[in-house]
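Nothing in this text is a laboratory measurement; each read-out follows from the coordinates by a stated rule. Everything quoted here is computed from the prediction, not taken from an experiment. Here Cβ is always computed from backbone atoms with ideal geometry, including for glycine, and neighbour counts include all displayed protein chains.
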Amino acid sequence: MAQHTATVAWQRDTPSFTDHRYSRRHTWQFDGGATVMASSSPHVVPLPHSDPAAVDPEEAFIASLSSCHMLWFLDLAARAGWVVDSYRDEAIGTLARNADKRMAMTQVTLRPAVQFGGSPQPSQNEVLQLHHAAHEACYIANSVKTEVLCVPVFHL
């Protein structure tokens with residue numbers, strides 16, 4: 001078992017608070033030392049109380065699913081002997097009301113485009129099988145109720 005840590009820190013920078021006119025900008029600091037500027041989404045909390053240049057929790061959720069999937073895909077491809085030259089995923093997440101009428105990330109669609117090097121090249125079916133295995137192994141996808149879809153992008 002492994003433990004991971006993240007420190008989320010916010011400091012009030014306005015005289016009042018209860019009027020909801022405070023900044024939602026804050027930091028995420030991770031156990032490896034990386035610090036990320038974070039904020040609520042401007043789609044949820046209007047400007048200027050949100051920082052559109054910072055990462056919001058919904059974006060981070062999408063990125064964590066995409067990143068975990070990619071890391072498993074790369075591992076499985078290497079184990080199978082396929083050489084991956086590049087991997088790019090333009091993932092999309094949908095924030096909507098779930099069955100309990102609560103706001104939730106109801107769907108995340110991964111759209112990985114993978115370029116392979118070397119010869120022979122894997123078939124589309126072999127790539128789909130790698131994506132399926134990566135999805136099954138992904139710790140983050142296994143941890144959430146959100147439907148996580150993977151729609152690979154093939155450059156024909």
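Summing Cβ point charges (Lys, Arg +1; Asp, Glu -1) relative to the Cα centre of the chain gives a dipole of roughly 380 debye. With the charge dipole of the chain set up from +1 on Lys and Arg Cβ and -1 on Asp and Glu Cβ about the Cα centre, the Cα lying farthest toward the positive end among the listed residues HIS131, PRO52, SER66 is that of PRO52. The Cα center of the stretch 7-76 and the Cα center of the stretch 118-156 differ in position by 27 Å. Using R0 = 30 Å, the C-beta based FRET efficiency linking ALA63 and THR14 works out to 0.55. Footprinting exposure proxy ranking of VAL36, VAL114, VAL8, fewest other C-beta atoms within 10 angstrom first, gives VAL8, VAL36, VAL114. For the stretch 86-105, the residues whose amide N sits under 15 Å from a probe point set 7 Å from the Cα of LYS145 along the beta carbon direction are 96-105. Sequence-ordered 3J(HN,Hα) estimates for the stretch 29-39 from the Karplus curve with 6.51, -1.76 and 1.60 and θ = phi - 60° stand at 10, 9, 4, x, x, 5, 10, 10, 6, 10, 6 Hz, glycine and proline given as x. A Cβ-based charge dipole, computed about the Cα centre of the stretch 1-55 with Lys and Arg at +1 and Asp and Glu at -1, lands at about 100 debye. Remark: the HIS43-LYS101 segment gains 19.0 nm on full extension, using 0.36 nm per residue and subtracting the alpha carbon distance.
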